[in-house]
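Just so it is clear, none of the values below were taken in a lab; they were calculated from the coordinates. Being a predicted model, the structure only gives us computed values, none of them experimental. In this analysis, Cβ positions are derived from the backbone assuming ideal geometry, glycine residues included, and neighbour counts consider all displayed protein chains.
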Amino acid sequence: SQTIHQWPATLVQPVGSPLSLECTVEGTSNPNLYWYRQAAGRGLQLLFYSVGIGQISSEVPQNLSASRPQDRQFILSSKKLLLSDSGFYLCAWRAGSPFGQKAFFGQGTRLTVV
Amino acid sequence: TQLLEQSPQFLSIQEGENLTVYCNSSSVFSSLQWYRQEPGEGPVLLVTVVTGGEVKKLKRLTFQFGDARKDSSLHITAAQPGDTGLYLCAGGNTGFQKLVFGTGTRLLVSP
């Protein structure tokens, strides 16, 4: 079966510190991978998506970056965090048939920048 | 940038009432999905619609995709407290790559 792991679940980081969030998928190959950020009670903002190893599309220009070093690994990074980077970060994957176009989400990372 | 605007942003109703949530965009999408999210968890898919004018029903929930594939609606009949949550629409592009989510509608159904 397919599973998605995202860690850590909670993170408190000081302003100016680096960030690395990791997401891995099991049980499928060549998935489309996504990073979203969500403000409390609001919709999901698409940050990055990837359709293959080393292929990253950026939706929001800011001090975040993403990398896909392996087929089922997606990493969100920052060199220096800002207060505005606080939020709930979600990793997701999608694949074709037989999953249709359904997106599967990780449990999310609650990031607080202090 | 493709944007999906949902309305209303927040809805508080009594058990048994009907409601409709709207999802609108100026962009055309190849597919439109609706998700529901509980606090602290990732969204869970409710339905996918891919044909303009398509209507799908899941028990008390009715989903419609606009003829021009730019908008969608979710109608809930006789809402129950268990329907409480954040409802999100999401638009997919041709090529099955980008997935853009809407601004969200928070629904609270009181007993």
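Tell me, what is the percent relative contact order of segment A:34-114, built from C-alpha pairs under 8 Å that lie six or more residues apart? Could you put the intermediate results ahead of the total?
Values: 141 pairs, mean separation 21.0, N = 81.
Once divided by the residue count of segment A:34-114, the mean separation gives 26 percent.
For chain B, the relative contact order works out to 37 percent when only alpha carbon pairs closer than 8 Å and six or more residues apart are counted. Residues A:Arg42, A:Arg110 in ascending order of nearby Cβ atoms (within 10 Å, fewest first): A:Arg110, A:Arg42.
Ranked from largest, the principal axis spans of the Cα set of chain A equal 43, 29, 22 Å. When only alpha carbons of the protein assembly as shown are considered, Rg and Dmax amount to 17.5, 51 Å.
Between B:Thr20 and B:Thr84, the FRET efficiency estimated from the beta carbon spacing at R0 = 22 angstrom works out to 0.85. Across chain B, Cα-Cα distances exceeding 21 Å account for 30% of all pairs. Dipole of chain B computed with +1 at Lys/Arg Cβ and -1 at Asp/Glu Cβ about the Cα centre; of B:Val50, B:Tyr87, B:Thr77, farthest Cα towards the positive end is B:Val50. Note on B:Thr51 and A:Lys79: with the Förster distance fixed at 45 Å, the Cβ-Cβ geometry gives a FRET efficiency of about 0.50.
Each Cα pair of segment A:69-114 feeds into the Kirkwood radius, which the Stokes-Einstein equation turns, at 4 °C and 1.567 mPa s, into a diffusion coefficient of 101 µm²/s.
Residues whose amide H comes within less than 5 Å of that of B:Val47, counting only those at least five positions distant or on another chain, are B:Trp34 (H built at 1.01 Å from N in the peptide plane).
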